[in-house]
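For reference, the structure is listed below as structure tokens.
The values are calculated or read from the model by the stated rules, or taken from the named source; none is laboratory data. The structure presented is a predicted model; accordingly, all values stated were derived computationally and were not measured. No Cβ is skipped: glycine too gets one built from the backbone with ideal geometry, and neighbour counts run over all protein chains shown.
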Amino acid sequence: MSGGGRFYSGFLPFLALAGALSALGGCGDNTSAPTAKAAPLDARLSEVYSRTCFGCHTTPDSGAPQTHNVAVWAPRLKQGDDVLLTHMAEGFGGMPPLGQCAECSAEDLLALMHFMAGPAAHESDPKDAEK
Ligand code: HEC
């Protein structure tokens with residue numbers, strides 16, 4: 001009856017904290033993956049996207065994998081972010097260095113890439129809960 005109480009008193013606050021954190025996650029179980037496939041762009045990256053990537057990645061004749069064409073992107077994504085980032089930074093075939101986005105950071109490029117490689121974002125989320 002003696003040693004155990006001490007042990008648990010250290011544990012309970014931790015459990016309470018873990019519970020509070022998981023409560024923040026809300027209803028969806030899988031919403032916590034930060035590198036999810038469907039990645040909407042914030043206002044700044046949307047502007048960058050329409051100024052740069054958009055021109056080729058929505059024009060099939062450019063030879064670029066087209067935005068939201070998930071099947072075309074899948075084999076490219078298999079190369080892994082490191083390789084893809086190198087290709088984006090240095091250029092790759094018809095892909096110009098940095099995708100013509102001189103101010104883009106590595107994070108920006110990856111966000112743009114995952115946006116293009118993911119399925120089209122839906123206007124409203126509720127139905128997405130099913131999949
Ligand atoms: C001037 C046209 C052009 C622009 C602008 C452009 N791309 Fe590309 N991109 C291409 C082409 C063409 C390919 C296919 C290259 C190949 O496979 O030979 C490509 C391929 C890619 C790939 C796949 C590379 C791989 O390893 O398979 C990524 C990722 C990518 N582009 C990201 C971007 C991003 C992000 C932007 C905007 C910041 C951008 N691109 C802007 C033409 C463009």
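Selection of first residues in segment 109-128 that are of a type in the set (V, I, T) and surrounded by fewer than 17 Cβ atoms within 10 Å (Cβ to Cβ) and of second residues that are at pLDDT 95 or above and outside any helix (DSSP H, G or I), restricted to Cβ pairs under 8 Å at least 6 apart or on distinct chains, gives an empty result. Restricted to segment 99-119, and to residues there that are near the ligand (Cβ under 10 Å from one of its atoms) and either among the basic types (K, R) or over 15 Å from E47 (Cα atoms) (or both), the residue that is farthest from the chain's Cα centre (by Cα) is A117. For segment 67-79, filtered to residues that are more than 10 Å from the ligand (Cβ to nearest atom) and under 16 Å from the mean Cα position of the chain (by Cα), the residue that is surrounded by the fewest Cβ atoms within 10 Å (Cβ to Cβ) is A74.
Does P96 count as within 8 Å of the ligand (Cβ to nearest atom) and crowded, with 18+ Cβ neighbours inside 10 Å?
On the way: within 8 Å of the ligand (Cβ to nearest atom): yes; crowded, with 18+ Cβ neighbours inside 10 Å: no.
Considered against the rule, which asks whether it is within 8 Å of the ligand (Cβ to nearest atom) and crowded, with 18+ Cβ neighbours inside 10 Å, P96 comes out as no.
So, of the residues in segment 40-62 that are under 12 Å from G99 (Cβ atoms) and either among the basic types (K, R) or touching a strand residue (DSSP E or B) at 6+ places or on another chain (Cβ under 9 Å) (or both), which turns out to be nearest to the ligand (Cβ to nearest atom)? Among residues in segment 40-62 that are under 12 Å from G99 (Cβ atoms) and either among the basic types (K, R) or touching a strand residue (DSSP E or B) at 6+ places or on another chain (Cβ under 9 Å) (or both), the one nearest to the ligand (Cβ to nearest atom) is C56.
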